[in-house]
Amino acid sequence: MKLISIVVPCYNEEEVLPLFYEEIQKIMKQMREEHSELHFELLFIDDGSKDKTLKILREMALKDERVRYISFSRNFGKESGMFAGLENSRGDYVVVMDADLQHPPAFLPKMYNYVKDGEYDCATTRRVSRAGESKIRSAFARLFYKIMNKISQTEIVDGAQDFRFMTRQMVDAILKMQEYHRFSKGIFSWVGFKTRYIEYENVERAAGATSWSFWGLFRYSLEGIIAFSTAPLMIACITGMISVIVGIILLIVFLIQKATTIGILSAVFFLSGLQMFCTGISGQYLAKAYMEVKHRPIYLMRENEEIYRSRHEEDFS
Ligand code: UDP
Ligand code: MG
């Protein structure tokens with residue numbers, strides 16, 4: 001017997017959850033017919049949703065024993081959701097996918113075929129189009145991948161997604177990375193293992209709205225750069241050095257020409273500005289290190305299906 005855990009982070013997904021459940025059930029049935037050795041668990045992560053998500057999950061967990069869930073004490077973000085899912089999954093294989101059907105469940109049989117013989121450790125999709133996304137957003141996304149791949153040793157594939165079918169071995173490797181500021185696209189790539197990319201056209205959300213704002217994504221990209229590259233620190237050092245050299249040249253010019261004080265003044269402003277900039281960048285790293293050193297938990301659970309089921313039984317006995 002082989003168990004497949006399907007991990008689904010959910011934040012305010014009341015509209016799509018029933019649709020998702022319906023679709024995934026069809027696929028699970030289909031896969032069981034093709035491979036009799038398979039069985040499944042669905043592990044939903046309620047990331048502090050403010051709508052009826054938790055209520056829907058409770059109902060599903062009562063009706064369907066394959067359904068498990070973890071409900072967070074507040075919104076911790078998708079990264080924490082994925083981590084909690086991986087950490088609590090019990091499967092020989094683990095799938096991570098979005099609730100909004102942008103990660104089509106129909107890919108699962110194909111992904112399983114790549115992974116089951118041990119040829120690959122991970123199967124994932126890669127978007128070749130960004131249809132349905134604003135132009136500015138795609139342009140920024142491209143720019144991000146360009147910069148990221150120039151300055152970091154960890155390769156991040158443009159269009160790669162958090163839709164993954166992984167072996168237990170790879171999941172355990174990911175779980176060894178206990179960092180607080182998580183950037184999964186980098187983490188998946190950093191752990192290595194053999195990954196098979198399946199290309200596909202972008203699919204739009206089945207219902208509901210994306211919870212990512214433009215600035216949210218911008219901050220997330222910065223997080224990625226800072227988590228997986230120390231190049232910005234190098235930039236700070238180099239600009240610092242250049243400004244020192246400029247300062248020396250200006251001093252020489254001043255000594256020869258005895259030029260006006262305005263020149264000096266502007267140089268002072270320019271240099272102190274640069275100083276601040278550099279301090280700012282190193283401060284970023286310091287801030288990250290500070291957070292890591294605290295060893296804060298990546299997520300906090302408030303309720304899961306076991307707690308709910310036992311509470312429910314008490315109510316009825
Ligand atoms: N999500 C989450 N916590 C958050 C934001 C999003 O668990 O704080 C989940 C969300 O429910 C969905 C997935 O992450 O299943 C992707 O989110 P979304 O569709 O909003 O992002 P996009 O597809 O636009 O990148
Ligand atoms: Mg989505």
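The values are calculated or read from the model by the stated rules, or taken from the named source; none is laboratory data. A quick note: this is a predicted structure, and the numbers were derived from the prediction, not measured. No Cβ is skipped: glycine too gets one built from the backbone with ideal geometry, and neighbour counts run over all protein chains shown. SASA here: full protein model, heavy atoms, side chains in, ligands and nucleic acids out. Shrake-Rupley method; radii C 1.70, N 1.55, O 1.52, S 1.80 Å.
I need to check one value: relative contact order of the range 165-317, counting alpha carbon pairs closer than 8 Å and at least 6 residues apart, in percent.
32
Report, to the nearest whole %, how much of the accessible area of the chain belongs to carbon and sulfur atoms, 1.4 Å probe, protein only.
59
Where does the charge balance sit around residue 158 when Lys and Arg score +1, Asp and Glu -1, over other residues with C-beta under 12 Å from its C-beta? Kindly include the intermediate steps, with their values, before the conclusion.
Working: positive: 126, 127, 130, 142, 146, 185; negative: 155, 199.
Overall, the nearby charge balance is +4.
How many Å² of accessible area per residue for the range 1-69, probe 1.4 Å?
The answer is 47 Å² per residue.
When only the heavy atoms of the protein chains count and the probe is 1.4 Å, how do 26, 146, 185 rank by accessible area, highest first?
146, 26, 185
Which value, in debye to the nearest 20, gives the size of the charge dipole of the range 69-200 about its Cα centre, when Lys and Arg are +1 and Asp and Glu are -1 at the Cβ? Intermediate values should be presented prior to the final figure.
Details: 20 positive and 15 negative charges, 85 e Å.
It comes to approximately 400 debye.
If you place +1 on the Cβ of every Lys and Arg, -1 on the Cβ of every Asp and Glu, and leave all else neutral, what size is the dipole of the chain about its Cα centre, to the nearest 20 Debye?
1260
Tell me, what is the 1.4 Å probe accessible area of residue 313, in Å² to the nearest 10?
Only protein atoms counted, so the area is about 120 Å².
Could you tell me which of rounded, prolate or oblate describes the chain, using a ≥ b ≥ c as the square roots of the eigenvalues of the alpha-carbon gyration tensor, with rounded for a/c under 1.5 and, failing that, prolate when a/b is larger than b/c and oblate otherwise?
It comes out prolate by the Cα gyration axes.
Count charges around residue 11 for me, please; just the other residues with Cβ under 15 Å from its Cβ, Lys/Arg as +1, Asp/Glu as -1.
Counting the neighbours of residue 11, the net charge comes to -3.
Can you work out the accessible area per residue across the range 158-311, with the rest of the protein chains kept in place, probe 1.4 Å, in square angstrom?
Result: 62 Å² per residue.
Quick one: how many Å² of residue 152 are accessible to a 1.4 Å probe, rounded to 10?
10
Do you know the relative contact order of the chain, to the nearest whole percent, from alpha carbon pairs under 8 angstrom that are 6+ apart?
Relative contact order of the chain: 22 percent.
In debye, nearest 20, what is the charge dipole magnitude of the range 49-93 about its Cα centre with +1 on Lys and Arg Cβ and -1 on Asp and Glu Cβ, if you could check?
240
Projected onto the charge dipole of the range 14-74 (+1 at Lys/Arg Cβ, -1 at Asp/Glu Cβ, origin at the Cα centre), which of 48, 35, 17 gives the Cα projection farthest towards the positive end?
48
What is the angle, in °, between the Cα long axis of helix 261-294 and the longest principal axis of the Cα atoms in the chain? Nearest 10 is fine, range 0 to 90.
It works out to around 30 degrees.
Taking a ≥ b ≥ c as the square roots of the eigenvalues of the Cα gyration tensor of the range 60-195, is the shape rounded (a/c under 1.5), prolate (a/b larger than b/c) or oblate? Walk me through the numbers before you get to the answer.
Working: a/c = 1.43, a/b = 1.34, b/c = 1.07.
Note, shape of the range 60-195 comes out rounded.
What number, rounded to the nearest 500 deg cm²/dmol, is the helix-based mean residue ellipticity at 222 nm of the chain, given -39500 (n - 2.57) per DSSP H run of at least four residues and division by all its residues?
-17500 deg cm²/dmol
How big is the antiparallel share of DSSP beta bridges in the chain, given as a percent to the nearest 5? Mind dumping the intermediate values first?
Numbers: 11 of 35 bridges.
Around 30 percent of the beta bridges assigned by DSSP in the chain are antiparallel ones.
Tally Lys and Arg at +1 and Asp and Glu at -1 over the other residues with C-beta under 11 Å from the C-beta of residue 216: what net charge comes out?
It works out to a net charge of +1.
Hand me the trypsin sites (Lys or Arg not before Pro) from the range 63-137 located in a DSSP loop with no more than 13 other Cβ atoms within 10 Å, in residue order please.
Taking the range 63-137 and a limit of 13 other Cβ atoms within 10 Å, the loop trypsin sites (Lys or Arg not before Pro) found are 74, 90.
At a probe size of 1.4 Å, how large is the accessible area of residue 93, to the nearest 10 Å²?
It works out to around 20 Å².
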